[in-house]
Amino acid sequence: METVAEQVQRFERHYARHIDRVAADLPSDDDALYSRIILTTLLDTLSSVAFEDQPVGIRFVAFVSQFSEWEHAEHVSLFHLGRALEVHQQPEFGNLKIWVGSELEAALPAEPELSLIVHTSVREKRLAVDPTLETVLAQWPKSQGTPLKLGGFQPKHFIHAQLLYQYRNHLVHEFRVPGYGWEVNRTVEPFYQKQVTKLAADLKPLAERWELVYPLKFLVELCRSSLARLSQALLTEGRRPFSGRLEGSYWIRSLN
């Protein structure tokens, strides 16, 4: 019978091989839909090993937050929070809306004069512009110490680990990448991208928007770091990675 260490090693080799296959043949198109589906599904699978008894949404977000080395996993997307404050006009969120508006203007500014030719530093902004969850919680209105709901949202719904779960859902359930961002260069870091959305007859830009982009290489490295840390945690805990898998001939697990 395999020892725990041997089974963890087999587990890590198995999934590392799949990650390497994707990484070795990255598509040249911006969409790379199939590769993204594979990588986010792999993250989902790893999360089921880390948190066997948790619902998929809870375990996915917790896994990305705790096992990946993504420094911005628990940073709040000002881009999404700002939109939620526009959609849900609740008086008690007035001060938060002013604060977020000021932060957004500094982080993702609208240019007074639009141009088709702009430097990358203006067109792309890294996630370092987004505040931590703790920073947003300090600004968020509360009742008896509990954050109020903005529509059906709480601050945790806007962190990047949660948005990556929404990203996964779009890929798996709708067979598409959410938003309209694209990868001009293959980068490892996620970013916000400024796009011109409307042109005049003389090709002068009339409107622009920001988009959030999770690059393909970022997903590859997220899978690699998460797998390595999960494997180490399993060794430390002396836990077998396949303990929650009921293997057998029957596809209905309870029949095996």
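The values are calculated or read from the model by the stated rules, or taken from the named source; none is laboratory data. Treat the numbers as computed from the prediction; the structure is a model and nothing was measured. Quick reminder, even Gly has a Cβ in these numbers, built from the backbone with ideal geometry, and neighbours come from all protein chains shown.
In the stretch 223-256, of all residues being exposed (fewer than 12 other Cβ atoms within 10 Å of the Cβ) and modelled with pLDDT of 95 or more, the one that is nearest to residue 3 (Cα to Cα) corresponds to 238. When both residues are 6+ apart or on different chains and their Cβ atoms are under 7 Å apart, which pairs have a first residue that lies in the stretch 225-237 and is closer than 18 Å to residue 40 by Cβ and in a helix (DSSP H, G or I), and a second that is aromatic (Phe, Trp, Tyr) and at pLDDT 95 or above? Between residues of the stretch 225-237 that are closer than 18 Å to residue 40 by Cβ and in a helix (DSSP H, G or I) and residues that are aromatic (Phe, Trp, Tyr) and at pLDDT 95 or above, the close pairs are 226/63; 226/67; 227/15; 229/67; 230/67.
Residues are listed down the side, and each one gets a yes or a no for (1) under 20 Å from the mean Cα position of the chain (by Cα); (2) exposed (fewer than 13 other Cβ atoms within 10 Å of the Cβ):
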| site | (1), (2) |
| --- | --- |
| 4 | no, no |
| 13 | no, yes |
| 18 | no, no |
| 23 | yes, no |
| 42 | yes, no |
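In the stretch 140-150, the count of residues that are without any contact (Cβ under 8 Å) to a residue 60 or more places away in the chain, farther than 18 Å from residue 85 by Cα and β-branched (Val, Ile, Thr) is one or more. Does the stretch 57-65 include one or more residues that are more than 19 Å from residue 221 (Cα to Cα), of a type outside the set (Asp, Glu) and surrounded by 14 or more Cβ atoms within 10 Å (Cβ to Cβ)? Within the stretch 57-65, one or more residues are more than 19 Å from residue 221 (Cα to Cα), of a type outside the set (Asp, Glu) and surrounded by 14 or more Cβ atoms within 10 Å (Cβ to Cβ). As for the stretch 174-181, it holds at least one residue that is more than 22 Å from residue 106 (Cα to Cα), surrounded by 14 or more Cβ atoms within 10 Å (Cβ to Cβ) and among the aliphatic types (A, V, I, L, M).
Which ones in the stretch 181-208 are aliphatic (A, V, I, L, M) and at pLDDT below 80?
184, 196, 199, 200, 201, 203, 206, 207
Mind listing whichever residues of the stretch 49-99 are of a type in the set (D, E, K, R), at pLDDT 95 or above and either assigned to a loop (DSSP other than H, G, I, E, B) or within 18 Å of the chain's Cα centre (by Cα) (or both)? 59, 71, 74, 83, listed by residue number.
Please tell me if residue 110 is among the aliphatic types (A, V, I, L, M), buried (at least 19 other Cβ atoms within 10 Å of the Cβ) and not in a helix (DSSP H, G or I). In short, no. From the list 123, 168, the one residue that fits, being at pLDDT below 90, surrounded by 15 or more Cβ atoms within 10 Å (Cβ to Cβ) and of a type in the set (Lys, Arg), is 123.
Scanning the stretch 1-39 for residues that are among the basic types (Lys, Arg) and at positive phi gives no hits.
If only residues of the stretch 17-48 that are among the charged types (D, E, K, R) and modelled with pLDDT of 95 or more are counted, the one that is nearest to residue 226 (Cα to Cα) is 44.
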